[in-house]
1. So how far apart, in nm, are the two label points at residue 121 and residue 217 if each is 7 Å from Cα heading toward Cβ?
2. Over all directions, what mean area does the Cα convex hull of the stretch 209-287 project, stated in square nanometres?
3. Rounded to the nearest 20 debye, what is the charge dipole size of the stretch 155-287 about its Cα centre when +1 sits on each Lys and Arg Cβ and -1 on each Asp and Glu Cβ?
4. Under a crude label model (7 Å from the Cα following the beta-carbon direction), how far is residue 67 from residue 189 in nanometres?
5. If I model a spin label as a point 7 Å beyond the Cα along the Cα-Cβ vector, how far apart are those points for residue 276 and residue 137 in nm?
6. What's the center-to-center distance, using Cα atoms, between the stretch 234-263 and the stretch 11-83 in Å?
7. Could you compute the net charge surrounding residue 84? Neighbours are other residues with a C-beta less than 15 Å from the C-beta of residue 84; K and R count +1, D and E count -1.
8. Using only the Cα atoms of the stretch 104-251, build the gyration tensor, take square roots of its eigenvalues as a ≥ b ≥ c, and label the shape rounded, prolate or oblate: rounded if a/c is under 1.5, else prolate if a/b is larger than b/c, else oblate.
Amino acid sequence: VGSAVVRSLIERRGSAENIFVLARDVAKANAMHADVQCLSAAYDDVAALSTALSSVPAGYRLFLACSNSPTQADLESNVCNAAHSSGCEYVVKLSTASAVLEMKEGGPYAAHLRVEELLAQLDMPHAVLRPNLFMDELVGAFLGVSSLRSSDSCVHPFAESPISMVDTRDVAECAASLLLAAAPDPCAKYDVTGPSAVTLSADLAGAIKELSGREVTITPCTVDEYLAPRGLPPPVSASLGGFFSVLMARCATATDVVQTLTGRAPRGIGQFVQDHAADFSANQQPE
């Protein structure tokens, strides 16, 4: 999402001036965003964070996102504290689905709740983006349907569960809109979704047929059946199982947040499949 935020900011402003990327690997960041100023600091290095953020002009705005890990809360808290000390005026934090936070079941819900609470304690004006499942997960290694590249069928726990999944680009554009807003709400939470709930067996399969004329079948399986072959440690499997269960049962409602924040409708599953055509096309066998 972070890279998409950078691209959206540059597109909206017409320039990369005064856009900074905070990265552990500056060479990698520079390769991705050649025109953006890259600052070097790992999130677990408090001194480096302080040095890096103190070089940014006071009154800056920050987009905060971190990979899920056992230390996620500590890492994001380090960034928040350093930002608070260096004159940051506003933070947009990427969180997780509100239903996951409310149920306190599965995934990194505890880390997100802790960092949201810290932002409130620091009295920093901020917004929290709470997206449902990313559509991009459908082409990912873990939750993706990559087997459809070589087969016309697959199984998936979300096959018949309606989830108002959202395109990563729409989440990024919401963040960019808030970062550039003249007077954003100083303490707001946004449930970011696609235009409607998606079921893989009907909506994704239908979009693939619309793309290529190919009939595919996506049939349901249980979460346990899906996770068992992956050989995950039991605590990780249990956490993911809880996360998936909440998504499947409580994340069907669509909101107008993308429309409200960006001024345009969110991308639907059909548009996502069209934009990722290579990921949903069958591999061609050599003659």
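1. 5.4
2. Values: hull surface 34.8 nm².
The directionally averaged projection comes out at 8.7 nm².
3. Numbers: 8 positive and 15 negative charges, 40 e Å.
Charge dipole, the stretch 155-287, about its Cα centre: 200 debye, nearest 20.
4. Placing both labels 7 Å beyond Cα along the Cβ direction yields 2.8 nm.
5. In this crude spin-label approximation the distance works out to 1.2 nm.
6. With the stretch 234-263 and the stretch 11-83 each reduced to a Cα centre, they are spaced 26 Å.
7. Result for the local shell: -3.
8. On the way: a/c = 2.84, a/b = 1.53, b/c = 1.86.
Oblate, since a/c reaches 1.5 and b/c is not below a/b.
The values are calculated or read from the model by the stated rules, or taken from the named source; none is laboratory data. The structure displayed is predicted, hence computed values, not measured ones. Cβ: placed from backbone, ideal geometry, glycine included. Neighbour counts: every protein chain shown. For the accessible areas, the whole protein counts, side chains as well, though only heavy atoms, and no ligand, DNA or RNA atoms are used. Shrake-Rupley method; radii C 1.70, N 1.55, O 1.52, S 1.80 Å.
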